[in-house]
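First comes the structure, then the notes that go with it.
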Ligand SMILES: NC(=O)c1ccc[n+]([C@@H]2O[C@H](COP(=O)([O-])OP(=O)(O)OC[C@H]3O[C@@H](n4cnc5c(N)ncnc54)[C@H](OP(=O)(O)O)[C@@H]3O)[C@@H](O)[C@H]2O)c1
């Protein structure tokens, strides 16, 4: 593998990451800023489902890779066949996997992930159908920094921001 991979994800209390092909919660402006500032000027890798959930458009100021066996020919997007391929051809210094469930799983069972930026939304979203399998991180990552933000910009939720670093 040519470079470390970073995961960025936001989860509900039960690991929920989606509802009806979107996020389970209403806008959380601070988390959106957090995502933008971390991933700006980097390579972002996503599955086709995540690409559709962001409106089938590339994220600006980033190199966009979409993993798919069915898509082809979309301007501003490089369609690739696997996470391994993405890590070999990425040209930016940092590489973030931004979703979804199956690709997070594939990455976490590999040795490729160096850090996980995890936003924890302290609420339950019972109608969610897609989950982040945080148990795959147990014993292999340590919570390096976490902080609670209470500046009224978290969409009415209690939210904590974590950075987990690989230890094993
Ligand atoms: N809360 C968060 O932080 C967060 C982050 C990301 C996404 N999400 C949410 O999660 C949902 C999307 O996640 P998802 O799990 O349903 O979909 P996904 O993982 O984004 O995409 C799944 C698709 O990726 C392609 N794919 C996956 N593994 C592949 C492989 N090994 N080789 C080739 N192609 C592969 C396939 O596309 P083809 O069928 O085209 O082959 C597959 O159907 C959305 O609702 C989104 O809002 C939330």
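The values are calculated or read from the model by the stated rules, or taken from the named source; none is laboratory data. Computed from a predicted structure; not experimentally measured. Every residue, glycine among them, receives a Cβ derived from its backbone with ideal geometry; neighbour counts consider all protein chains shown.
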Q. Can residue 36 be described as closer than 21 Å to residue 155 by Cα and modelled with pLDDT under 95?
A. no
Q) Out of (1) surrounded by fewer than 19 Cβ atoms within 10 Å (Cβ to Cβ); (2) more than 23 Å from residue 31 (Cβ to Cβ), what's the single condition that is false for residue 86? A) (1)
Q: Within the range 1-17, work out how many residues are modelled with pLDDT of 95 or more and either under 12 Å from the mean Cα position of the chain (by Cα) or surrounded by fewer than 21 Cβ atoms within 10 Å (Cβ to Cβ) (or both).
A: 11
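Yes/no per residue for (1) within 23 Å of residue 153 (Cα to Cα); (2) without any contact (Cβ under 8 Å) to a residue 12 or more places away in the chain; (3) in contact with a helix residue (DSSP H, G or I) (Cβ under 7 Å, 6 or more places away or on another chain):
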residue: 25; (1), (2), (3): yes, no, no
residue: 40; (1), (2), (3): yes, no, no
residue: 43; (1), (2), (3): no, no, no
residue: 47; (1), (2), (3): no, no, yes
residue: 66; (1), (2), (3): no, no, yes
(Q) Is it the case, given these coordinates, that residue 80 is without any contact (Cβ under 8 Å) to a residue 60 or more places away in the chain, over 15 Å from the mean Cα position of the chain (by Cα) and within 13 Å of the ligand (Cβ to nearest atom)? (A) yes
Q. How many residues, within the range 39-58, are more than 8 Å from the ligand (Cβ to nearest atom) and crowded, with 16+ Cβ neighbours inside 10 Å?
A. 6
Q: State which residue is farthest from the chain's Cα centre (by Cα) when the search covers only the range 87-104 and only residues that are assigned to a helix (DSSP H, G or I) and either within 24 Å of residue 18 (Cα to Cα) or near the ligand (Cβ under 8 Å from one of its atoms) (or both).
A: 102
